[in-house]
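J.: I'd like to ask you about the structure that follows.
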C-alpha cells in the first residue's frame, strides 16, 4: 500500500506540474467568485438570466451564438426561464423559413427549436460591418480562450487609455488583457448601459460577471449535471476501491507475500 | 502454455473443448502462474487493456453522431456536447481517455526499462509493444484532427508536412496524404477512416503481446527466471485479478476527476475555435504525450534530419534488447544503471517541457542537450554499461529475499528497494 500511495502521488504531481507549466505565462486576471467552480459548482440562476439580458441587448448586435437554440434557455441547469418567457423571447426574433408550397422563402417568428438568430448572414458580412475584424461566435468562446472565464471577465473591464508612446490605428482600442493589447471591439459596457429587470445595479463589473457566467453556461450547458454526476461517480469509486482493497488483503493473506 | 492438461468435467464442455479449446484457454488464463512479488508498476498492463476497451466503446458511440466533413465536423462535435444524451460524458471520456492511455503506457514502458523486461527471452513482447505504441501515436494524432478545430487543422498541417522533408518524392507524398493541395475535406475523411481502423489493429496486437507474454511468463522485480508453477508463483486468478482491479479503480478515480472536473485542462483552448486555413495560431503545439518527440524534432536545425531524429528516437527502442548488453535484468541489482535510468526519466520530462515552450534561446539549447543525451543513453551508455558495471549478487529465487534468511547484507538491502 505504501508503494501504491507513492505511485499515486507521482501521477498527481506529474499532472500538477504539467498544468502549471502550461499556464506559466499567465497574466494576472481580475478575480471574482464564480459560483460554478468547485466540486459542487452550480450556476447562479439570477446571474445567468441577467447575463442573457446583457448578451441579447449588447453583445448580440455583433456576436452570434449559433450552436444554441432558444429552447436551451428554459432547460434545466441553464437560465431556466419559464416556458412562456422562452416562447416570448423566441417570438421576438424573425427567422427565414421555407420554401413554402409556392417555392418562396418567408419570414416567421422564431420557435423554441430554432437556433439563435445570427446578427450577420455570414463571416464576410460581419467583417464588412466591423472594419475587417470578425466578432467571434460566442457559443464556446469561454473554452476557446486560454484564461477562460477570468480572461473574458477581465477583458470586458480592461479598457484603458493607451500608454504614452503607443499609437493605435483608427478603430483600434487599448485593452490591457487582450493579446498584444490591441482590440477592434470598443469598450462594450458602461455603467447603467442597460436596466436589469430584477433591479440589480448595472455596473460594468456586475454586467461583466453576469455575461461571463452566461457565456460559461453557453459553452458548457451540462456543467451542473457533470458536477453532480462526477461527485456520485467518485464517491462510488472510492467505496468500491476500499471494498476491493480489503478483499485483496484477505485473498493475499493466503500467501506469504506483501501486497 | 499451461503445464498440465485440462479436461472439462461436463460432457458438453468436453465435446465443445475437443472441437474448439476455448475452455482450455480460459483455464490457462485463470491458472496462469504469475510471480508473487509483482509490484504495482505491473498493474498497468491491465489498466492499458481497460483504456483500449474504453476508447473503442466510447469511440464507436461518438462515431454514430460525428460527421466527418470539413464543414460539419466542428458543429457535429458541438451537437454531441449539447444535444446527444450524455454526449458530453462520452466525448470527455474519449478525449481524456487518450491522455490516460498515454499516461499508463509511459508508466508501462518505463517499468519495462527499469526491470529489464525487454531482455531475452521477451524481445518479441517488447517489439510488439513498440509497434502498439507507434500505432497509438498515429491514432491519437488523427483523433485530435477530427474535431476540426484550429489545433486539429494546424497540427495536421505541421505533421503531414514533415513528409515533405523526404528528398525527391516528399512533396508528392504530402499531396497524396492530403488527397489535395492542402489539408482539407479529403484529409479529414481519410483520417477518420484510419482513426477508426487503428484501434482494432492495436487490439489484435495486444492479443499477440499477451500471447507472447504467456510463453516465457512475467518478468518480476527481482528479474530472475523462476520455476512455474512453484512457491514463487500465484495463479493469475484471483490474486492478480484482484490486485489489478484495485489498481484500476485507483486509476479510474484520477480518470474520473479529469472527466468530471477538468475535462479541458489537458487540451488546447485553440481547438474550440473552428479550423480556419487563413489564420495560423500563435503557437502550434501537439498534445502533451507527443511533446518529447516534438522537442527532438525541433532541436535539429535541418528539417529532414529532424524528422530522422524524431523517428529514430522511437525506433531505437525496438533494438533496445540488443543495445543493452547487461545480462542482469532488474535495475535493483545494477547500481549504475539505476542512476542512469533516473537521469533518462528526467531527460524525457525535460524534453517534454521544452516541447511545450517556443523553440528559441535557452529553451532550444536545453532541448538540444537533452536530445543529445537521449541518444547517448541508448547508443553509448547502455552498451558500455553492460561490460563495465559491477552488479550486485542476485538471489536464486523470489522466496529467498522475500522470506529473508539470506546471509548477504547487500541482498537484505535489495529487499527493501524491491519493496519500494
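J.: In segment B:1-36, which residue that is in a loop (DSSP other than H, G, I, E, B) and touching a helix residue (DSSP H, G or I) at 6+ places or on another chain (Cβ under 6 Å) is surrounded by the fewest Cβ atoms within 10 Å (Cβ to Cβ)? It would help to see each step written out before you state the result.
T.: Step one: list which residues in segment B:1-36 are in a loop (DSSP other than H, G, I, E, B), which gives B:1-10, B:20-21, B:32, B:36.
From what is left, the residues that are touching a helix residue (DSSP H, G or I) at 6+ places or on another chain (Cβ under 6 Å) are B:1-2, B:6, B:8, B:32.
Values: B:1: 11, B:2: 17, B:6: 15, B:8: 17, B:32: 22.
Across segment B:1-36, the extreme among qualifying residues is B:1.
J.: Still on this structure, please answer the following. If I ask for residues that are more than 9 Å from every other protein chain (Cβ to nearest Cβ) and either part of a helix (DSSP H, G or I) or touching a residue at least 12 places away in the same chain (Cβ under 8 Å) (or both), which ones from segment A:133-150 would you list?
T.: Those that are more than 9 Å from every other protein chain (Cβ to nearest Cβ) and either part of a helix (DSSP H, G or I) or touching a residue at least 12 places away in the same chain (Cβ under 8 Å) (or both): A:133, A:135, A:138, A:149, A:150.
J.: I need a count of the residues in segment B:85-99 that are at the interface with chain A (Cβ under 10 Å from one of its Cβ atoms) and either buried (at least 20 other Cβ atoms within 10 Å of the Cβ) or part of a helix (DSSP H, G or I) (or both).
T.: Of the residues in segment B:85-99, 5 are at the interface with chain A (Cβ under 10 Å from one of its Cβ atoms) and either buried (at least 20 other Cβ atoms within 10 Å of the Cβ) or part of a helix (DSSP H, G or I) (or both).
J.: Now a separate question. Would you confirm whether or not segment A:239-251 contains a residue that is assigned to a loop (DSSP other than H, G, I, E, B), more than 9 Å from every other protein chain (Cβ to nearest Cβ) and loosely packed, with under 15 Cβ neighbours inside 10 Å? Let's see the steps before the verdict.
T.: Looking only at segment A:239-251, we keep the residues that are assigned to a loop (DSSP other than H, G, I, E, B), and these are none.
The answer is no; no qualifying residue exists.
J.: Which of the residues spanning segment B:238-286 are facing another protein chain (nearest Cβ under 9 Å), without any contact (Cβ under 8 Å) to a residue 12 or more places away in the chain and assigned to a loop (DSSP other than H, G, I, E, B)?
T.: Within segment B:238-286, B:262, B:264, B:265, B:282 qualify.
J.: Here's another thing I want to ask about it. Among A:206, A:228, which is the only one that is over 28 Å from residue B:148 (Cα atoms), within 14 Å of another protein chain (Cβ to nearest Cβ), out of contact with any strand residue (DSSP E or B) (no Cβ under 7 Å at 6 or more places or on another chain) and not in a loop (DSSP other than H, G, I, E, B)?
T.: Values: A:206 fails: within 14 Å of another protein chain (Cβ to nearest Cβ).
Matching residue, one of A:206, A:228: A:228.
J.: Looking at A:117, A:86, A:54, which one is surrounded by 17 or more Cβ atoms within 10 Å (Cβ to Cβ), over 30 Å from residue A:184 (Cβ atoms), at pLDDT 95 or above and under 24 Å from the mean Cα position of the chain (by Cα)?
T.: Values: A:117 fails: over 30 Å from residue A:184 (Cβ atoms); A:54 fails: over 30 Å from residue A:184 (Cβ atoms).
Answer to the selection: A:86.
J.: Taking segment B:287-300, which residues are over 22 Å from residue B:149 (Cα atoms) and either in a helix (DSSP H, G or I) or touching a strand residue (DSSP E or B) at 6+ places or on another chain (Cβ under 9 Å) (or both)? Before you say what the answer is, go through the steps one by one.
T.: Let us first name the residues in segment B:287-300 that are over 22 Å from residue B:149 (Cα atoms), namely B:292-293, B:295-300.
Once the filter is applied, which keeps residues that are over 22 Å from residue B:149 (Cα atoms) and either in a helix (DSSP H, G or I) or touching a strand residue (DSSP E or B) at 6+ places or on another chain (Cβ under 9 Å) (or both), segment B:287-300 yields B:292, B:293, B:295, B:296, B:297, B:298, B:299.
J.: While we're here: Can you say whether residue B:68 is surrounded by 19 or more Cβ atoms within 10 Å (Cβ to Cβ), in a loop (DSSP other than H, G, I, E, B) and at pLDDT 95 or above, as far as the supplied structure shows? Full working, then the answer.
T.: Details: surrounded by 19 or more Cβ atoms within 10 Å (Cβ to Cβ): yes; in a loop (DSSP other than H, G, I, E, B): yes; at pLDDT 95 or above: yes.
So residue B:68 fits the description; yes.
J.: A further question follows. Kindly list the number of the only condition in (1) more than 30 Å from residue A:28 (Cα to Cα); (2) assigned to a loop (DSSP other than H, G, I, E, B); (3) in contact with a strand residue (DSSP E or B) (Cβ under 7 Å, 6 or more places away or on another chain) that fails for residue A:96.
T.: Single failed check for residue A:96: (2).
J.: Identify all residues within segment A:102-117 that are out of contact with any strand residue (DSSP E or B) (no Cβ under 7 Å at 6 or more places or on another chain) and either over 24 Å from residue A:83 (Cβ atoms) or without any contact (Cβ under 8 Å) to a residue 40 or more places away in the chain (or both); write none if there are none.
T.: Across segment A:102-117, the qualifying residues are A:102, A:103, A:104.
J.: Just checking, which of A:72, A:122 is surrounded by fewer than 20 Cβ atoms within 10 Å (Cβ to Cβ) and either within 14 Å of chain B (Cβ to nearest Cβ) or at positive phi (or both)?
T.: Criteria check complete, one pass: A:122.
J.: Kindly indicate whether any position in segment B:210-221 is over 30 Å from residue B:393 (Cα atoms), more than 10 Å from chain A (Cβ to nearest Cβ) and at pLDDT 95 or above. Quick ask: steps written out before the conclusion?
T.: So the first thing to find is which residues in segment B:210-221 are over 30 Å from residue B:393 (Cα atoms), and the list is B:210-211.
With the extra rule that they be more than 10 Å from chain A (Cβ to nearest Cβ), the set shrinks to B:210-211.
When the remaining residues are screened for being at pLDDT 95 or above, the result is B:210-211.
Yes, that holds for at least one residue.
The values are calculated or read from the model by the stated rules, or taken from the named source; none is laboratory data. This structure is a prediction, so every number in the text was calculated from the model and none was measured. So basically every Cβ, Gly included, is an ideal-geometry build from the backbone, and we count neighbours across all protein chains shown.
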